[in-house]
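Worksheet: one structure, shown below.
The values are calculated or read from the model by the stated rules, or taken from the named source; none is laboratory data. In this text, all values refer to a predicted model and were calculated from it rather than measured experimentally. With ideal geometry, Cβ positions are generated from the backbone for all residues, glycine too; neighbour counts draw on all protein chains shown.
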Amino acid sequence: MDLRIEDHPILSFPERKKVKFFWEGREVWGYEGEPVASALHAAGIKVLHKSLKLDHPRGFFCAIGNCSSCLVVIDGVPNVRACTAKLRAGMRVEMQRGAGPAPSDRE
């Protein structure tokens, strides 16, 4: 499933390099350099984070790095804002639950 806008009456979309990355161990694809949250959203993945206290689902909200709704774990590093992180080939992205893994859990 690809939810991207590809044909628009005003905007144009230049050719970009398509890259493979991983969400929760599952292979997905996006375009190199685009925000991770955009690639995930286009792949139909809407829940990126679970809230700290109530475990409520959170996702792509402000899209400018001001909120914490899109926090994910990228290549083992927690608390990365998916809306501002740029996608690169082979990246491993995981849902962050609460505050994310403690430093000792990542070693």
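Check region 81-97 and report whether any residue there is without any contact (Cβ under 8 Å) to a residue 40 or more places away in the chain, in contact with a strand residue (DSSP E or B) (Cβ under 9 Å, 6 or more places away or on another chain), surrounded by 14 or more Cβ atoms within 10 Å (Cβ to Cβ) and of a type in the set (Val, Ile, Thr). Checked region 81-97: no residue is without any contact (Cβ under 8 Å) to a residue 40 or more places away in the chain, in contact with a strand residue (DSSP E or B) (Cβ under 9 Å, 6 or more places away or on another chain), surrounded by 14 or more Cβ atoms within 10 Å (Cβ to Cβ) and of a type in the set (Val, Ile, Thr).
Just one of Leu11, Leu52 is assigned to a loop (DSSP other than H, G, I, E, B) and without any contact (Cβ under 8 Å) to a residue 24 or more places away in the chain; which is it? Before you say what the answer is, go through the steps one by one.
Working: Leu52 fails: without any contact (Cβ under 8 Å) to a residue 24 or more places away in the chain.
Just a single option satisfies the conditions, and that option is Leu11.
Among the conditions (1) under 10 Å from the mean Cα position of the chain (by Cα); (2) among the hydroxyl-bearing types (Ser, Thr, Tyr); (3) modelled with pLDDT under 90, the only one that Ser51 does not satisfy is (1).
Can you tell me which residue within region 59-80, out of those that are within 15 Å of Gly100 (Cβ to Cβ) and modelled with pLDDT under 85, is surrounded by the fewest Cβ atoms within 10 Å (Cβ to Cβ)?
Restricting attention to region 59-80, the residues satisfying the condition of being within 15 Å of Gly100 (Cβ to Cβ) are 68-80.
Imposing the further condition that a residue be modelled with pLDDT under 85 reduces the set to 68-69.
Numbers: Ser68: 15, Ser69: 19.
Step by step, filter region 59-80, then rank; the result is Ser68.
Restricting Lys18, Lys46 to residues that are surrounded by fewer than 16 Cβ atoms within 10 Å (Cβ to Cβ), within 10 Å of the chain's Cα centre (by Cα) and not β-branched (Val, Ile, Thr) narrows the list to Lys46.
Scanning for something part of a loop (DSSP other than H, G, I, E, B) and either of a type outside the set (Asp, Glu) or in contact with a Ser or Thr (Cβ under 9 Å, 6 or more places away or on another chain) (or both), does region 34-42 turn up at least one residue? Checked against the condition, which is being part of a loop (DSSP other than H, G, I, E, B) and either of a type outside the set (Asp, Glu) or in contact with a Ser or Thr (Cβ under 9 Å, 6 or more places away or on another chain) (or both), region 34-42 yields no hits at all.
Among the criteria (1) among the hydrophobic types (A, V, I, L, M, F, W, C); (2) closer than 18 Å to Glu32 by Cβ; (3) touching a Lys or Arg at 6+ places or on another chain (Cβ under 7 Å), the one Leu71 does not fulfil is (2).
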